[in-house]
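The values are calculated or read from the model by the stated rules, or taken from the named source; none is laboratory data. Just so it is clear, the structure is predicted and the values come from calculations on it, not from any experiment. In this analysis, Cβ positions are derived from the backbone assuming ideal geometry, glycine residues included, and neighbour counts consider all displayed protein chains.
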Amino acid sequence: MPEPSLPQPQEPERAIAGTGTGAGMDLAAAEAATVGSGETGRPAGRPRSLWSDAWHDLRRNPVFVLSALVICFLVVIALWPSLIAPGNPLHCDLARAQDGPSPGHPFGYDGQGCDVYTRTVHGARASVTVGVCATAGVAVLGSVLGGLAGYVGGFWDALLSRITDVFFAVPVVLGGLVLLSVVTSSTVWPVVGFLVLLGWPQISRIARGAVVTAKQHDYVQAARALGASGPRILLRHIAPNAVAPVIVVATIALGTFIALEATLSYLGVGLKPPSVSWGIQISAASPYVRNAPHALLWPAGALAVTVLAFIMLGDAVRDALDPKLR
Amino acid sequence: MGRYVVRRLLQMIPVFAGATALLFVMVNVMGDPVAGLCGERACDTATAAQLKREFGLDQPLWRQYATYMGNVFTGDFGTAFNGRPVIELMASAFPVTVRLTLVAVVFEIVVGVTLGVVTGLRRGRPVDTAVLLATLVVISVPTFVTGLLLQLLLGVRWGWIRPSVPPQATFDQLILPGLVLASVSLAYVTRLTRTSLAENRRADYVRTAVAKGLPRRRVVVRHLLRNSLIPVVTFIGTDVGALMGGAIVTERIFNIHGVGYQLYQGILRQNTQTVVGFVTVLVLVFLIANLLVDLLYAVLDPRIRYA
């Protein structure tokens, strides 16, 4: 946060700023109270901010709690897969190819005789890494570009809108096939880079819209009239009120990115074989699906549960942050 | 209205040029366009240089792009790796994918909107909760998993349908692939219709219609649905382009020889002409679909007038 830019009467400006942002938040909180079920005997005269109000709602939402637990579990096994699957995911024994479950190998073996359980557990890392990194990249790039364009307006805004139009006109899977088909690296980074490249316009459009709306509010006019600098208005007054929609869209996008990574890996251009990922597993298992469906069903199930958890989390966050939608 | 259409058409030009240029650069810069012409081996340098000169690939990229677009607008999409003109490939591939997309859109409209109306009018009831849960599950399971599973169950285990689609790909053979292609969007259409309907249910004009004594059916269909469908129409319109692009996965699962199949082959064999040609047409389809959506607004919502 930059300090107030300079001379001017600093105290009044700060005072206005305080009540200004506060008023915006109170309004949202008041809406939450009237629309939603936010009436829970809070001490009178002590209004909660939008964030604490949202957190208050979320903690009581079973959907949020459940999906948050699933995600925590996923993150733990993504960081330390050996905790529950001590085997080596690259150790395969062709003699046992397509075998069913046996003691110590609860999910059976895939077409190459690799243990499906070990590979499924170790596959979480690729999905979580791609999802988290791509979302972080998209959120930062999109909200900075979209926010600036919405704030500055005029030529840059029009230019950015046209650029996002261009990116929206490119089908994602198709762009992925074209761009990633020539990449030989087997790390997750080309996939992350590609998802950021094609994903940022969505966030930038949301951020731009939110900033344009927030810009017209009275407290922003007031801050400007009092001589607050551009960066200060943007960071102190507009950003806190524009960040909620970005967070909501980003959370839901995280789930879609994981699904997209798997789709690209299924098509053979996402992650490449020495790495372990659910998309690769499903792709490798699909020719043998008649004889060894378990090799396809377990990673597919893991993938579905993961994406579901992130999408439900996003849904719950949206309900909490945007009470008008209820 | 006429002026609006002209303005929108003019706005489409830079977007079309930008999107095709973006893909043109991706295809040309990322891959070596002549690498696919010498089969499995790499071309020797003299042959590669000769081929490059022959195809004008030694020219700067913007010149290549300009030449290509000039040719495209005279109907010349170049030649594919096996000597067939790309336009011939398109003539065989596009009808198949268009049929597939049509099946998918029909599923979206019929099933999606119906489910949305049913749940939107019964918010909070068991049927609403059940459908909402089902849509969440459908959205979360990636299309290729849904496709593989349905193919395994309906096609292989129970033998209700043929697991792969024969080359002529008639409408009845495309029902399951169409459903798979539509699945995720179907769930979105349901949720969108539900939300939109629930929002408008409290609108003044609905209360007026009820107060006038109109039968419930007429209030829902003529007043409520007409206004609530505006966001749904937008979604379906923009989805047409996404469906045709997303058909790559569905076509691969069910072995359908449509646009996705040709594109996949083109990319595998590094055949620049095929890829760029098909992509150009897809982008155009997407933009026109968006334009039609904007024009449909005025038809659906009498409050919107284009000067």
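Only a single criterion out of (1) within 30 Å of B:A93 (Cα to Cα); (2) surrounded by 23 or more Cβ atoms within 10 Å (Cβ to Cβ) is not satisfied by B:T193, namely (1).
Scanning region B:154-173 turns up one or more residues that are over 19 Å from B:A104 (Cβ atoms), of a type outside the set (S, T, Y), free of Cβ contacts under 8 Å to residues at least 24 places away in the same chain and facing chain A (nearest Cβ under 10 Å).
Note on region A:261-284: residues that are more than 9 Å from chain B (Cβ to nearest Cβ) and among the hydrophobic types (A, V, I, L, M, F, W, C) amount to 6.
Within region B:229-246, which residues are closer than 17 Å to A:G176 by Cβ and modelled with pLDDT of 80 or more?
B:L243
Which one of the conditions (1) within 12 Å of chain A (Cβ to nearest Cβ); (2) in a helix (DSSP H, G or I) does B:Q270 fail to meet, given that it meets all the rest? Every listed condition holds for B:Q270 apart from (2). Of all residues in region A:282-294, those satisfying the criterion of being among the hydrophobic types (A, V, I, L, M, F, W, C) and closer than 17 Å to B:I253 by Cα are A:I282, A:A284, A:A285, A:V289.
Could you tell me whether any residue of region A:171-184 is over 30 Å from B:I288 (Cβ atoms) and out of contact with any helix residue (DSSP H, G or I) (no Cβ under 7 Å at 6 or more places or on another chain)? Yes, region A:171-184 has at least one match. Looking at region B:142-223, the helices (runs of 4 or more DSSP H) lying wholly inside it that each contain 2 or more residues that are under 22 Å from B:V131 (Cα atoms) sit at B:143-150, B:175-200. When you look at B:L102, is it at pLDDT below 75 and in a helix (DSSP H, G or I), yes or no? Against the criterion (at pLDDT below 75 and in a helix (DSSP H, G or I)), B:L102 does not qualify. Is it fair to say A:A222 is farther than 16 Å from A:G137 by Cα and surrounded by fewer than 20 Cβ atoms within 10 Å (Cβ to Cβ)? Considered against the rule, which asks whether it is farther than 16 Å from A:G137 by Cα and surrounded by fewer than 20 Cβ atoms within 10 Å (Cβ to Cβ), A:A222 comes out as yes. Residues in region A:215-230 that are in a helix (DSSP H, G or I) and at pLDDT below 80: 2 in all.
Residue count for region B:122-142 under the criterion of being within 20 Å of the chain's Cα centre (by Cα) and within 7 Å of chain A (Cβ to nearest Cβ): the result is 4. Within region A:155-174, the residues that satisfy the criterion of being part of a helix (DSSP H, G or I) and facing chain B (nearest Cβ under 7 Å) are A:R162, A:D165, A:V166, A:V173, A:L174. The condition of being part of a helix (DSSP H, G or I) and either over 18 Å from the mean Cα position of the chain (by Cα) or away from chain B (no Cβ under 11 Å) (or both) holds for only one of A:V192, A:V183, that being A:V192. Pairs linking a residue in region B:272-285 that is touching a residue at least 24 places away in the same chain (Cβ under 8 Å) and within 20 Å of B:L51 (Cα to Cα) to a residue that is polar (S, T, N, Q) and surrounded by 24 or more Cβ atoms within 10 Å (Cβ to Cβ), with Cβ atoms under 7 Å and 6 or more positions apart or on different chains, are B:T274/B:Q262. Of all residues in region A:266-315, exactly one satisfies the criterion of being surrounded by 20 or more Cβ atoms within 10 Å (Cβ to Cβ), of a type in the set (S, T, Y), touching a residue at least 60 places away in the same chain (Cβ under 8 Å) and assigned to a helix (DSSP H, G or I), namely A:T306. Has region B:239-249 got any residue that is farther than 30 Å from B:N200 by Cβ, assigned to a helix (DSSP H, G or I) and away from chain A (no Cβ under 11 Å)? Checked against the condition, which is being farther than 30 Å from B:N200 by Cβ, assigned to a helix (DSSP H, G or I) and away from chain A (no Cβ under 11 Å), region B:239-249 yields no hits at all.
Given the condition within 11 Å of another protein chain (Cβ to nearest Cβ), surrounded by fewer than 24 Cβ atoms within 10 Å (Cβ to Cβ) and touching a residue at least 12 places away in the same chain (Cβ under 8 Å), answer yes or no: does some residue in region B:254-267 qualify? Looking for residues that are within 11 Å of another protein chain (Cβ to nearest Cβ), surrounded by fewer than 24 Cβ atoms within 10 Å (Cβ to Cβ) and touching a residue at least 12 places away in the same chain (Cβ under 8 Å), one finds at least one in region B:254-267, hence yes. When A:V130 is tested against (1) within 30 Å of A:P86 (Cα to Cα); (2) away from chain B (no Cβ under 14 Å), just one condition goes unmet, and that condition is (2). Quick check: is even one residue across region A:170-192 of a type in the set (A, V, I, L, M), under 19 Å from B:Q11 (Cα atoms) and assigned by TED's automatic domain parsing to the domain that holds A:A242? So far as region A:170-192 goes, yes, one or more of its residues are of a type in the set (A, V, I, L, M), under 19 Å from B:Q11 (Cα atoms) and assigned by TED's automatic domain parsing to the domain that holds A:A242.
For the structure I just gave you, tell me whether B:L133 is touching a helix residue (DSSP H, G or I) at 6+ places or on another chain (Cβ under 7 Å) and in a helix (DSSP H, G or I).
So B:L133 fails the test.
Residues B:V240, B:V249, B:V206, B:V221: which one is over 29 Å from the mean Cα position of the chain (by Cα) and among the aliphatic types (A, V, I, L, M)?
Within the list B:V240, B:V249, B:V206, B:V221, the selection yields B:V206.
Using the structure shown, decide if B:L149 is out of contact with any Cys (no Cβ under 7 Å at 6 or more places or on another chain), under 28 Å from A:L297 (Cβ atoms), modelled with pLDDT of 80 or more and surrounded by fewer than 20 Cβ atoms within 10 Å (Cβ to Cβ). Judged against the criteria, B:L149 is a match.
Here A:D319 does not qualify as more than 18 Å from B:T146 (Cα to Cα), within 10 Å of chain B (Cβ to nearest Cβ) and under 19 Å from the mean Cα position of the chain (by Cα).
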